Every structure is written in structure tokens, then in C-alpha cells.
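Quick notes on the structure that follows.
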Amino acid sequence: MKGYAMLAIGKTGWIEKETPVCGPLNAICRPIVLAPCTSDIHTVWEGAIGERHDMILGHEAVAEVVEVGALVKSFKPGDKVIIPAITPDWNSVEAQNGYQMHSGGMLGGWKFSNFKDGVFGELFHVNDADGNLALLPEGMDPVAACMLSDMVPTGFHGAELADIQFGDSVAVIGIGPVGLMSVAASALRGASHIYAVGSRPNCIQLAKEYGATDLINYREGDIVEQIMKKTGGTGVDRVIIAGGDVDTFAQAISILKPGGKIGNVNYLGDGDYIKIPRNEWGCGMGHKVIAGGLMPGGRLRMEKLASLITTGRLDAGKLVTHRFEGFDKIEEALLLMKNKPADLIKPVVVINW
């Protein structure tokens, strides 16, 4: 079969690979809608997880089931399904401990385009199909549903990690597609003031639509100074980091109130250390908590988040700004994500076989 792959750090291309084999608990799927991710960019062009050779990329997809294993109970060939970017091993001890995203070791639930071929192939393999596939709800736009693979659950996990409570003030640093979903999740969880940090006009506009009350443009001055001024010098109750780099944590700590929490869902592609400013952290005693997490993944997560779309509480389709038609457009869509033109939020590739 054909797939679009990472050939080496800094190099991608089309390759031919053996068709994946379906085990008794697994499924083989054919993509219907695909979306490239900034994570693919970190992986290929920054070498964030090390060298990979001839590994098919991609981890965001809506697909059709082609084959299921003999022990799969809930799915059959022909079903249209949402594929989560994180596909845990649900019988692992890590899953039993509540951290299924780390099944088999840290980040072990992140299989696609990490240590296993991803979804940018004519066919792809899904482990533990009953636990990791979710039926596409009747009438749901597959393009919007593709945002449920990664953008929605990752952004929402930022709000969970920050433990947002009713009336909390929240700063969301980075309002690309993940950060925009963090803004939406903060609003749904009852945040009062939501300070969205970004600069691109279309992201700023969409952040407002998703519930941001204040927009902080980092091109117009230091974001710490801007947020501290807006909060009368007190800072915010919660911070979600959905963009930036290893130095962003210093800013997050500086704007966080004592007793506050930081939820990081940003994939740090480079840098060896995260620096925490000593004084702003209360000399180590400020009760400022940092939690960084990979989104949980799995079927239930997809089903619950899909219900937010079907009930009209969330419009994830607004994230999509660029649409390509045809399997052969994967490369063009990925390079668009790499180059990030000003009007880009999220591209998708729609495939009609």
C-alpha cells in the first residue's frame, strides 16, 4: 500500500509498505478525512522524538472499517468511525491505574506516527478496536468529527489538568487549534475571565466566539505585564499552556496566583530544560502546581466529546480553514501546516475512494 512517511529527520515522502495485518482484537481502517498536525512538524523537522525511518505519519482521522479481528464485538466492516490520536492498551496496568495514555511506558498510548505507522496510509491498523474506535454519529460532518481525534480532546485536557472551577480566571497561552479548544473548554467549565494569548486575527476572532473575554497580543508587549495589569496585579487562577516553548513556563508561573494550577498540553519539540523562576514560584513554596499531560484517548473520550457537537454545545468545524480533496493532497496539507500562513488554523484532507 501507499503512505506518506517520515523518511528521516527533516525529510518526508511517499513510500510503499506492506498492508497491515489485523489481529484478533484489532481493526484495519481506510481514511475518509485526515488532518495534519503541528506534532507531525515537531516530529519530522525538529526531530523531537528522535530519528524515524519510513514511518507513515498522521494521527488524526475519520475512517471506514475494512476488517475487524475475530474477537471484536462492537464494530464491523463498513462502519464509519472516529479514530483517536491516542490508542491505549486497555488491558495494561497503566490503564488500570488511570493513566491509559502511558500504557506500556511514558507516552506509550501515542502509537500513530510515534513508534507505529500512522493514518496517512491507504490502510492503517488500530489496536484494541473495541476500546479505541468510536462510531461516527448519524448526520455528523466527518470534517468536524476529525477535530475530535486530537484538537478537541487535547485542548479540553488542558482545562482538566488546570482543574478549572466555576468563576476561575484563566489564561490560555497559544490559540492555535488546541488552544482554541482550551478556550472553549474553559468556558464550558465555568471560567469567568478567559485571557487568550495570540496574535493572528482569525484565531483572535475565533477565540472570542469560543468564549475569550480578553485578548492578549504578545506582539504588543510582554504578556506577563499585560495580564498582571488587566488583573490589577493579582494574576489568574489557572493557566493552560497550548503553545510556546520551554521558556513559556516562566511566564505561566509569573501570572499564576498562589494556589493556582498550570495545565500544559503543548508538545515541546526542543530544548533540554524547563526554567521555573525561583521568586515567582514562591521560592519553591508558592503552591503553584504544574501538570503536563497527554490526552487520555480511547473510545469513551471520543463518544463523550462527540455528544458536545451533536447537542450543539461545541462547533469544532470552525477550526477548519483549509480543505483539500484527494489522498494525494496529504503532502500539500502537511507542508501548509509546516509553513503556517497567516490565515491557517487547521487543514483537512477529504478522501473519496
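Please treat every number below as a calculation from the coordinates, not as lab data. This is a predicted model, so every value here is computed, not measured. We place every Cβ from the backbone using ideal geometry, glycine too, and count neighbours over all the protein chains shown.
For the stretch 222-241, backbone nitrogen atoms closer than 15 Å to the point 7 Å from ALA250 Cα along Cα-to-C-beta are found at 222-225. Label separation (HIS42 vs CYS283): 3.5 nm, computed from points 7 Å beyond Cα along the C-beta direction. Against the chain, whose longest principal axis comes from its Cα atoms, helix 299-310 is set at around 70 degrees.
With the cut-off at 29 Å, tell me which of the pairs LYS76/LYS116; LYS111/LYS304; LYS257/LYS318; LYS229/LYS346 have Cα atoms farther apart than that. Listed pairs above 29 Å: LYS257/LYS318; LYS229/LYS346. Within the shell of other residues whose beta carbon sits under 12 angstrom from the beta carbon of MET337, the net charge comes to -1, with Lys and Arg scored +1 and Asp and Glu -1. Between the amide H of ALA134 and those of ILE82, distances stay under 5 Å, these residues lying 5 or more places away or on another chain, with hydrogens modeled in the peptide plane.
The HN-Hα couplings worked out from phi for the stretch 252-257 by the Karplus form 6.51 cos²θ - 1.76 cosθ + 1.60 (θ = phi - 60°) are 4, 4, 5, 9, 8, 5 Hz, whole numbers, x standing for Gly and Pro. With q set to 0.10, 0.14, 0.17 Å⁻¹, the log10 of I(q)/I(0) for the stretch 53-195, from the Debye formula over equal scatterers at the Cα positions, is -0.40, -0.76, -1.04. Based on the Cβ-Cβ distance from ARG313 to LYS340, what FRET efficiency comes out when R0 is 35 Å, to the nearest 0.05? E(calc), rounded to 0.05, equals 0.75.
Applying both filters, DSSP loop and at most 13 other Cβ atoms within 10 Å, to the GluC sites (Glu not before Pro) of the stretch 47-128 gives GLU51.
Only DSSP H runs of four or more residues enter the estimate; each adds -39500 (n - 2.57), and after division by the residues of the chain the mean residue ellipticity at 222 nm equals -7000 deg cm²/dmol. Only Cα pairs under 8 Å and 6+ residues apart enter the sum, and on that basis the relative contact order of the stretch 154-292 stands at 25 percent. Net charge within 12 Å of PRO201 by Cβ-Cβ distance, Lys/Arg positive one each and Asp/Glu negative one each, not counting PRO201 itself? Taking every Cβ under 12 Å from that of PRO201, the sum is +2. For the chain, modelled as a GNM whose springs connect Cα atoms under 10 angstrom apart, the maximal fluctuation among PRO31, PRO277, PRO296 occurs at PRO277. Its relative contact order, with pairs defined as Cα atoms under 8 Å and 6+ residues apart, puts the chain at 18 percent. With a Förster radius of 25 Å applied to the beta-carbon distance between TRP14 and LEU71, the computed FRET efficiency rounds to 0.15. Secondary structure note: in the chain, about 50% of the DSSP beta bridges are antiparallel. Using alpha carbons only, the radius of gyration of the chain set against its Kirkwood radius gives Rg/Rh = 0.97.
Taking other C-beta atoms within 10 angstrom as a stand-in for reagent exposure, VAL172, VAL152 fall in the order VAL152, VAL172, fewest first.
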